[in-house]
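*Asks:* Can you keep this structure in mind? I'll have questions shortly.
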Number of protein chains: 2
Amino acid sequence: MISQSVNDKRKDLLSAALRLFAENGFHGTPTSKIAKEAGVANGTLFHYYKTKEDLIVSLYIDIKSRMSEYVEAHSEKEKSVKKNFRNQYLQVMLWSLKHRDEFLFIQQFHSSPFASLVPAEEIERLSGKTCEQIEKAIKDKAIKKRDVNYIMTLFTSHTFGLNQYLSKAQLNEKEQKEVIKDSFDMLWKMLS
Amino acid sequence: MISQSVNDKRKDLLSAALRLFAENGFHGTPTSKIAKEAGVANGTLFHYYKTKEDLIVSLYIDIKSRMSEYVEAHSEKEKSVKKNFRNQYLQVMLWSLKHRDEFLFIQQFHSSPFASLVPAEEIERLSGKTCEQIEKAIKDKAIKKRDVNYIMTLFTSHTFGLNQYLSKAQLNEKEQKEVIKDSFDMLWKMLS
DNA sequence: ATCTTTGTAGAGTGATTAGTCAATCTGTAA
DNA sequence: TTACAGATTGACTAATCACTCTACAAAGAT
């Protein structure tokens, strides 16, 4: 099946790029090395992605989608709003810890000039669910009544911060889980 | 006075670099443009900074120092620990809002491969005060007893998050100040 | 006045890199 | 079998960029 091999090459290119970007940054990584690492010729990269920029943005969307899928798949429809939040928070953290490179990349991406190149529809698609959830939580008076973007930003930056801490601090798995739980309690105390 | 004109050139180079970095990122900004923007020749840049990397790290240290100075200068020695924290938080936020480019640069820098090139002594010098303050607050039981780095990371990322929100949301000065105060109350609720 | 150090300029260099292109290969369908 | 479209290759190019080099100027120092 040809379409399979096409997807394989795309995937190979994205994961090669991810590995190298996480290590050397966008600009420390020439397209030639990405192609080599993916096991394809230089020109092939540009067959699938028109420009390097295109590759970077595509990679961002790919990673975000995979994370959303994971969280979605692991979120049981609990009854209470708080339990929903806690579970989602936990899943995001676990995913991030398992996917170091992905997390590093996203961080880099967010504070780069590429960030503004993500199509508005993709942003909507990727953050829509979380927005709705926050809106619902506000309606149910489970969390403070504030601008949704305000809440979301605090939530997101909290996640990033904790991740940064966990990357540096040398903790075993059990300790990590305790810190994650602890940090959620703190976060919730702040928002409710 | 020659030493004055030397410092001027250094300053010119740093502020030119800052302006361009904030707009185009480190790698989107050639040294030639930095020199031009600063009104000096290409070679002059390399007289003051051995490499581009050297310039970037120096700029980071310069910005951080200036922020620390500002916060230091505007922090009255209040009695209560909480008031101290609030005031410091407020000052950091006000500084960040007044210095858009600086804030953008620091964000970019933190999630770049350059971050690891800051000498340990500088890191200590720049974050020492805050560390001590947190330790004192924990001793006084004003905030939760946790790892200092844990607290500091949550504090920092909260600051970054709020800044990001305020950059995007179009609020007037009064509204901004209210959000800052509100966010401090939330942060404090979380940490105490 | 002469020597030394430091600052400044800007053309030049060698290496690197994103992206192109013409040529070949592969799978499919008539 | 033939024809065609898309996939793949890798040599090539045009541009860019960090950094060097040489020449000269300005300012102290002796």
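*Asks:* Using the reciprocal of the averaged 1/r over all distinct C-alpha pairs, how large is the Kirkwood radius of the range B:1-49 in Å?
*Replies:* On the way: mean 1/r = 0.0929 Å⁻¹.
Every distinct Cα pair counted, the radius reaches 10.8 Å.
*Asks:* Taking other Cβ within 10 Å of each residue's Cβ, how do B:Met190, A:Met67 sort, fewest first? Walk me through the numbers on the way to the answer.
*Replies:* Values: B:Met190 22, A:Met67 19.
Result, fewest neighbours first: A:Met67, B:Met190.
*Asks:* Could I ask something else about it? Using helices alone, I'd like the mean residue ellipticity at 222 nm for chain B: each DSSP H run of four-plus residues gives -39500 (n - 2.57), total over residue count, nearest 500.
*Replies:* -26000 deg cm²/dmol
*Asks:* Here is a follow-up. I'd like the trypsin sites (Lys or Arg not before Pro) in the range B:91-192 restricted to DSSP loop residues with at most 10 other Cβ atoms within 10 Å, sorted by number.
*Replies:* Passing both the DSSP loop test and the Cβ count: B:Lys141, B:Lys145.
*Asks:* While we're here: 7 Å along Cα→Cβ for the label point: how many nanometres lie between B:Lys11 and each equivalent label in the other copies, listed shortest first?
*Replies:* Ordered by distance, the counterparts are at 5.8 nm.
*Asks:* Among A:Phe85, A:Phe21, A:Ser167, whose Cα sits farthest toward the positive end of the charge dipole of chain A (+1 at Cβ of Lys/Arg, -1 at Cβ of Asp/Glu, about the Cα centre)?
*Replies:* The Cα lying farthest towards the positive end belongs to A:Phe85.
*Asks:* Can you divide the C-alpha Rg of the range A:57-191 by 2.2 N^0.38 Å and report the result to two decimal places?
*Replies:* Computed over Cα atoms of the range A:57-191, the ratio equals 1.05.
*Asks:* Follow-up question, since we're still on this one. Taking one equal scatterer on every alpha-carbon of the range A:46-116, how large is log10 of I(q)/I(0) by Debye at q = 0.21, 0.22 1/Å?
*Replies:* -0.91, -0.95
*Asks:* Using only Cα atoms, tell me the angle between helix A:173-191 and the longest principal axis of chain A; keep it within 0 to 90° and round to the nearest 10.
*Replies:* 60
*Asks:* Report, in debye and to the nearest 20, how large the dipole of chain B comes out about its Cα centre when Lys and Arg carry +1 and Asp and Glu carry -1 on their Cβ.
*Replies:* Rounded to the nearest 20 debye, it is 460 debye.
*Asks:* Would you mind listing the distances between the A:Pro113 label point and the same position in each other copy? Use 7 Å along Cα-to-C-beta, nm, one decimal, shortest first.
*Replies:* 1.9
*Asks:* What is the local net charge at B:Asn87, summed over the other residues whose Cβ is closer than 12 Å to its Cβ (Lys, Arg +1; Asp, Glu -1)?
*Replies:* Local charge sum for B:Asn87: +3.
*Asks:* Which value, in debye to the nearest 20, gives the size of the charge dipole of the range A:86-192 about its Cα centre, when Lys and Arg are +1 and Asp and Glu are -1 at the Cβ?
*Replies:* The dipole magnitude comes to about 400 debye.
*Asks:* Which of rounded, prolate or oblate describes the protein assembly as shown when judged by the alpha-carbon gyration tensor and an a/c cut-off of 1.5?
*Replies:* oblate
*Asks:* While we're looking at this one, here's another question. Could you grab the relative contact order for the range A:57-191? Cα pairs under 8 Å, six or more apart, rounded to a whole percent. Present the calculation step by step, with values, prior to reporting the outcome.
*Replies:* Working: 64 pairs, mean separation 36.5, N = 135.
Computed over the range A:57-191, the figure is 27 percent.
*Asks:* Here's something else I'd like to know. Based on Cβ point charges of +1 for Lys and Arg and -1 for Asp and Glu, what charge dipole magnitude is obtained for the protein assembly as shown about its Cα centre, in debye rounded to the nearest 20?
*Replies:* Taking the Cα centre of the protein assembly as shown as origin, the dipole is about 920 debye.
*Asks:* Counting pairs of alpha carbon atoms under 8 Å apart in space and at least six apart in sequence, what relative contact order in percent does the range A:1-49 give?
*Replies:* On the way: 28 pairs, mean separation 18.1, N = 49.
So the answer I get is 37 percent.
*Asks:* What's the center-to-center distance, using Cα atoms, between the range A:126-189 and the range B:19-39 in Å?
*Replies:* Result: 36 Å between the Cα centres.
Every number here is computed from the coordinates shown, using simple stated rules; none is lab data. Keep in mind that what you see is a predicted model, and the values were worked out from it rather than measured. Cβ: placed from backbone, ideal geometry, glycine included. Neighbour counts: every protein chain shown.
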